[in-house]
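Undergrad: This is the structure, below, for whatever I ask next.
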Amino acid sequence: ETGVTQTPRHLVMGMTNKKSLKCEQHLGHNAMYWYKQSAKKPLELMFVYNFKEQTENNSVPSRFSPECPNSSHLFLHLHTLQPEDSALYLCASSQDLWRGAVDTQYFGPGTRLTVL
Amino acid sequence: AQKVTQAQTEISVVEKEDVTLDCVYETRDTTYYLFWYKQPPSGELVFLIRRNSFDEQNEISGRYSWNFQKSTSSFNFTITASQVVDSAVYFCALIWGGSEKLVFGKGTKLTVNP
């Protein structure tokens, strides 16, 4: 595998289900991101991790719970979601984060989530 | 505040036509970075180019070219001799130095018809 991979690619869940999205990067990066892409809205940053530590939570509801066990893997745990949470969830990675430097973010193919 | 505006929601062209996608940005920071990404129907955001605020030199990569003008806060993207495979949604994005937040425009959907 190369680049950034995400599984599953498609997910349908009920509002009472619990599911998890998985992201894995094969680029040797240390920073990982979750983004949400809803129809007709700009991409929204949700969470940022740098060297496994969460550095950003962009006011995301607690029904979304991220986990970063190591620099290569990022999970998004989902529970009691709402239909409006249906969207494409994109994972990205970059080299790392430090003040004054900006590294290019590389994206995975996304998980298309539908909440019934 | 940081903002990226892509005024063109959808563009439709015929193959071999040239097409320019507009991007206008707003930032108060003197150090910032601009990006273009392509999102084909498969969903993955594909990185195309990155420019920093201190480098206004235009860039050409094959049929793609980018025109960065700080005077008008624009970073436009031109595809020369468009092809059907260029059909996608194209996003312009901005991040300022030291930030973690990549701010995206709403995207321009390009359809290239045979």
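Undergrad: Scan segment B:11-33 for residues that are more than 17 Å from B:VAL112 (Cβ to Cβ) and either at pLDDT below 95 or surrounded by fewer than 16 Cβ atoms within 10 Å (Cβ to Cβ) (or both) and jot them down.
TA: B:GLU26, B:THR27, B:ARG28, B:ASP29, B:THR30, B:THR31, B:TYR32, B:TYR33
Undergrad: Of all residues in segment A:1-57, which are β-branched (Val, Ile, Thr), under 24 Å from B:PHE91 (Cα atoms) and either in contact with an Asp or Glu (Cβ under 8 Å, 6 or more places away or on another chain) or part of a strand (DSSP E or B) (or both)?
TA: A:VAL4, A:THR5, A:THR7, A:VAL48
Undergrad: Would you call A:HIS73 away from chain B (no Cβ under 13 Å), over 24 Å from B:TYR90 (Cβ atoms) and touching a residue at least 60 places away in the same chain (Cβ under 8 Å)?
TA: no
Undergrad: Among the listed residues B:SER65, B:SER73, B:SER53, which satisfies the condition of being within 14 Å of chain A (Cβ to nearest Cβ), farther than 26 Å from A:PRO109 by Cβ and in contact with a strand residue (DSSP E or B) (Cβ under 9 Å, 6 or more places away or on another chain)?
TA: B:SER53
Undergrad: Return the pair list, or none, for Cβ contacts closer than 7 Å from residues in segment B:87-114 that are more than 12 Å from B:TRP36 (Cα to Cα) and assigned to a loop (DSSP other than H, G, I, E, B) to residues that are aliphatic (A, V, I, L, M) and at pLDDT 90 or above, at least 6 apart or on different chains.
TA: As it stands, the answer is B:SER87/B:LEU110; B:SER87/B:VAL112; B:GLU100/A:VAL48; B:LYS101/A:LEU45; B:LYS101/B:ILE95; B:PRO114/B:VAL84, since those pairs meet every condition given.
Undergrad: Hey, another quick one. Could you say whether any residue in segment A:55-62 is loosely packed, with under 13 Cβ neighbours inside 10 Å, at pLDDT below 95, at positive phi and not acidic (Asp, Glu)?
TA: Yes, segment A:55-62 has at least one match.
Undergrad: Next up: Mind checking which pairs have a first residue in segment B:1-18 that is within 14 Å of chain A (Cβ to nearest Cβ) and a second that is acidic (Asp, Glu) and part of a loop (DSSP other than H, G, I, E, B), Cβ under 7 Å, 6 or more apart or different chains?
TA: Close Cβ pairs satisfying both conditions: B:GLN6/B:ASP22; B:ALA7/B:ASP22.
Undergrad: Every residue in segment A:10-31 that is at pLDDT 95 or above, surrounded by 20 or more Cβ atoms within 10 Å (Cβ to Cβ) and aliphatic (A, V, I, L, M), please.
TA: Residue satisfying the conditions is A:LEU21 alone.
The values are calculated or read from the model by the stated rules, or taken from the named source; none is laboratory data. Everything quoted here is computed from the prediction, not taken from an experiment. Cβ atoms come from the backbone with ideal geometry, glycine included; neighbour counts cover every protein chain shown.
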